[in-house]
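Asks: Below you will find the structure I want to go over with you.
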Amino acid sequence: MNIEAIKSIYVYEMARTRRTLLQSIVSPVLSTALYFVVFGAAVGSRMEAIDGVSYGGFITPGLIMLALVTQCVSNGSAGIYFPKFTGTIYEILSAPVAFTEIVIGYVGAAATKGMIVGLIILATAAVFVDLHILHPVMMLLFMVLTSVTFSLAGFLIGIYAKNFEQLSLVPSLVIPPLTFLGGTFYSIEMLPPFWQAVSHLNPVLYLVSGFRWSFFGTSDVDPTISLVMIGAFMLLLLGVLSWIFKTGYKLRP
């Protein structure tokens, strides 16, 4: 394992975050804080508790997941897209650096950025709503697995994207609807049976539900199933990435 190669890629990507601090950290934190102000404090104070949890607390895990997933996909895709755009990707591919080392460097940096944003939002949420984390270890496990998995997904998007429009398509048009319809603002038990079944086709439901369980001990889906789903998705993405680097698909002319 070429530790120096991993370190070089990781440090370079993290340095890019410092240069774009407002966009990378401040903007998503402020945007999510507005949700806490509007839905947690203003609207939430007028709504009944869900499964014994105040509405402001109930939506907190989903909002953290929304920011976490969006940031991981965006950072993961941008990290590999810009070397493709500038042509420096060929220097990386021709260097004595293995596929696993490239992925660990880029995906590790994207996941770290997402975790930083997620933890800052978690601290911000504590200002607006009353939070109690019943299973802190599981909460961190869900955050780490989600960060790595969606950073891998972003990495794949960055490889596939031909232009900036395709690069921003998934973070802006796909992830928010999936998150909002994945039980962020409600329990799927409130839905008719048919729509409950449809909701189980939404992969984000398992993320939000498992993450909410780590806070309050209540969930729409068994947390074990949530972990299995995240693990299976991660393995699928790793398999696709391995094939891409072996074949050079979208990487070599």
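The values are calculated or read from the model by the stated rules, or taken from the named source; none is laboratory data. Bear in mind that the values here come from a model prediction, so they are computed numbers and not experimental data. In this analysis, Cβ positions are derived from the backbone assuming ideal geometry, glycine residues included, and neighbour counts consider all displayed protein chains.
Asks: Look through the stretch 129-187, keep the residues that are among the β-branched types (Val, Ile, Thr) and farther than 24 Å from Leu235 by Cβ, and return whichever of them is modelled with the highest pLDDT.
Replies: Ranking the candidates gives Ile133 first.
Asks: Quickly run through the stretch 100-121 and pick out the residues that are over 16 Å from Ser8 (Cβ atoms) and touching a residue at least 40 places away in the same chain (Cβ under 8 Å).
Replies: Hits for the stretch 100-121 are Ala111, Lys113, Gly114, Met115, Ile116, Val117, Gly118, Ile120, Ile121.
Asks: Right, here's the next one. Is there a residue in the stretch 85-98 that is crowded, with 23+ Cβ neighbours inside 10 Å and out of contact with any strand residue (DSSP E or B) (no Cβ under 8 Å at 6 or more places or on another chain)?
Replies: Within the stretch 85-98, not a single residue is crowded, with 23+ Cβ neighbours inside 10 Å and out of contact with any strand residue (DSSP E or B) (no Cβ under 8 Å at 6 or more places or on another chain).
Asks: If you take the residues of the stretch 113-124 that are under 10 Å from Leu68 (Cα atoms) and not basic (Lys, Arg), which of them is surrounded by the most Cβ atoms within 10 Å (Cβ to Cβ)?
Replies: Filtering first and then ranking leaves Gly114.
Asks: Moving on to the next point. For the stretch 158-177, what are the residues that are assigned to a helix (DSSP H, G or I) and buried (at least 18 other Cβ atoms within 10 Å of the Cβ)?
Replies: Within the stretch 158-177, Gly158, Ile159, Leu167, Val170, Pro171, Ile175 meet the criteria.
Asks: Residues of the stretch 59-92 being among the aliphatic types (A, V, I, L, M) and over 10 Å from the mean Cα position of the chain (by Cα), which ones?
Replies: Within the stretch 59-92, Ile59, Leu63, Ala78, Ile80, Ile89, Ile92 qualify.
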